Structure formats: structure tokens, C-alpha cells
1. Of V140, I164, L123, which is farthest towards the positive pole of the chain's charge dipole, taken about the Cα centre with +1 and -1 on the beta-carbons of Lys, Arg and Asp, Glu respectively?
2. Would you please state the base-10 log of I(q)/I(0) at q = 0.15 1/Å for the stretch 123-193, with intensities from the Debye formula using one equal scatterer on every alpha carbon?
3. At 7 Å along the Cα-to-beta-carbon direction for both E193 and D91, put a label point, then send me their distance in nm to one decimal.
4. Which residue, T196, T157, T108, tops the fluctuation ranking in a GNM of the chain built on C-alpha contacts under 10 Å?
5. Whole number in Å², please: accessible area per residue of the chain, 1.4 Å probe, ligands, DNA and RNA not counted.
6. Taking the simple approach of a point 7 Å from Cα along Cα-to-Cβ for both D60 and D130, what is their distance in nm?
7. Quote to one decimal, in nm, the extra length available between E43 and D79 on full extension: 0.36 nm per residue of separation minus the C-alpha distance between them.
8. Roughly how many percent of the accessible protein surface of the chain is carbon and sulfur, given a 1.4 Å probe and a whole-percent answer?
Amino acid sequence: MTSPLRVLRRIAADRTPAPRAGERCEMCADPLGDRHQHVVNVEGRQLMCVCRGCYLLFTDSAAALRYRAVPDRYLSFPDFTIAQAEWDALDIPVGLAFFFVNSSLGRTVAFYPGPAGATESELSLQSWRDLLAAHPELDVIVPDVEALMIRVPARGTACVLLPIDTCYEFVGRMRMLWRGFDGGQDVHRYLDEFFTEISARARPGGAA
């Protein structure tokens with residue numbers, strides 16, 4: 001006769017371990033691998049971890065969708081230069097910011113990193129339009145899911161286009177490392193490493 005203790009042991013052995021947080025698609029609950037994709041809730045600005053099947057449902061950029069698939073596109077603009085006066089006209093108080101088109105608001109918004117995370121800047125839309133007119137190669141941002149990150153000359157001008165989830169990851173890392181008034185050596189080291197890595201990964205802006 002099988003004892004109750006043996007039955008309990010067999011049930012425990014056959015039971016699949018409960019998945020850890022973040023291991024299942026936030027739409028259909030299918031298991032996710034270590035590397036997975038994201039969609040953006042356009043109205044709420046939240047990122048959602050999703051499986052490949054759910055991701056593909058939201059890749060049509062022409063459709064009126066509540067969610068948008070975040071692409072895996074990286075562009076660099078090695079010839080881009082910006083004068084200090086052009087940067088000052090954007091009313092951004094630090095030397096680095098990222099810009100994305102918020103379709104719910106119908107305009108471009110700017111954020112810059114700091115000790116509290118990402119801070120929204122009161123972006124001058126006319127100044128932004130003037131910048132795009134002077135640098136039309138930058139006018140390629142897909143609304144809601146891509147961002148343009150610009151660093152000004154204090155530590156070397158750099159300009160890259162990258163997925164919005166990479167921007168959020170960047171801001172979170174900056175917040176963890178930030179020390180003192182200007183972020184400290186760890187932040188400056190991370191900035192240099194980040195732009196080196198992204199630039200190596202990106203293809204030149206304007207390429208087919």
C-alpha cells in the first residue's frame with residue numbers, strides 16, 4: 001500500500017516550480033527567455049515584457065494601437081555637431097538628454113538624467129524644429145518607441161538613436177551610480193562606456 005507520505009513526495013516532485021517575477025509574458029503569460037522584447041503602453045508610458053508572438057501583434061506603425069512594439073534599431077550620427085547656442089536654446093540644464101515623440105501629447109518631449117532618475121525638460125518646440133531643420137538626418141524617430149540621445153561638447157559631442165527601453169535602462173543605471181552634484185566618476189565612466197558600446201552597435205544614420 002502506498003503511504004500518504006509517499007504520495008505527497010511524488011506530488012511535490014512532479015510539480016513544476018513557480019516562475020519567478022518577470023519570466024512570463026505580461027500579455028499572455030507564456031514563459032519568457034532571458035532575452036525578450038518589449039511593447040510600450042502609449043498612454044501610460046509603461047514598458048511591458050512580452051513574448052515574440054505578442055510583440056508581433058503591435059509592429060504595424062500605421063495602425064491605431066494602444067501598444068507599440070519597441071524595435072531593435074540603433075543609428076549613430078558621427079558627423080553631427082551642435083553649437084552651444086543651439087543646445088542652450090533647448091533649455092536643457094545639463095549636457096545630455098534624450099528626445100522622443102509622445103503621440104498621446106502630439107509633440108516631442110525631452111528628458112535628462114539625474115540623481116532622481118529622468119527629469120522632463122520644458123522643451124522649446126520651436127527650438128527643436130529649428131534643430132531638425134539644421135540637421136534633417138535626425139528627423140527619423142519612430143513615435144513612442146525610439147529616442148534620440150544627444151551629449152554636448154563638454155565630454156565630446158555624441159548623437160545616437162536607440163530603442164526607448166534602452167533609454168529607460170540607461171536612466172536606471174545612472175540613478176544607481178549617481179553620487180554628488182555631477183554624478184561622480186562612476187557616472188562619467190559609465191557614460192563613456194555606454195556611448196562607445198552603442199556607437200559600435202549602431203549603423204550610420206541615413207544608411208539603407
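The values are calculated or read from the model by the stated rules, or taken from the named source; none is laboratory data. Owing to the predicted nature of the structure, the values given are computational and were not obtained by experimental measurement. As a convention, Cβ positions derive from the backbone with ideal geometry for all residues, glycine included, and neighbour counts pool all protein chains shown. Side chains included, ligands, DNA and RNA excluded: accessible areas come from the protein's heavy atoms. Shrake-Rupley method; radii C 1.70, N 1.55, O 1.52, S 1.80 Å.
1. My answer, from the dipole projection, is I164.
2. -0.63
3. Spacing of the two 7 Å Cα→Cβ label points: 3.6 nm.
4. Highest fluctuation of the listed residues: T196.
5. Working: 12170 Å² over 208 residues.
In whole numbers, the chain has 59 Å² accessible per residue.
6. Simple spin-label model gives 4.1 nm for this pair.
7. Details: separation 36, 0.36 × 36 = 12.96 nm, distance 3.47 nm.
Taking E43 through D79 to full extension adds about 9.5 nm, to one decimal.
8. On the way: 6440 of 12170 Å².
The nonpolar share, carbon plus sulfur, comes to 53 percent.
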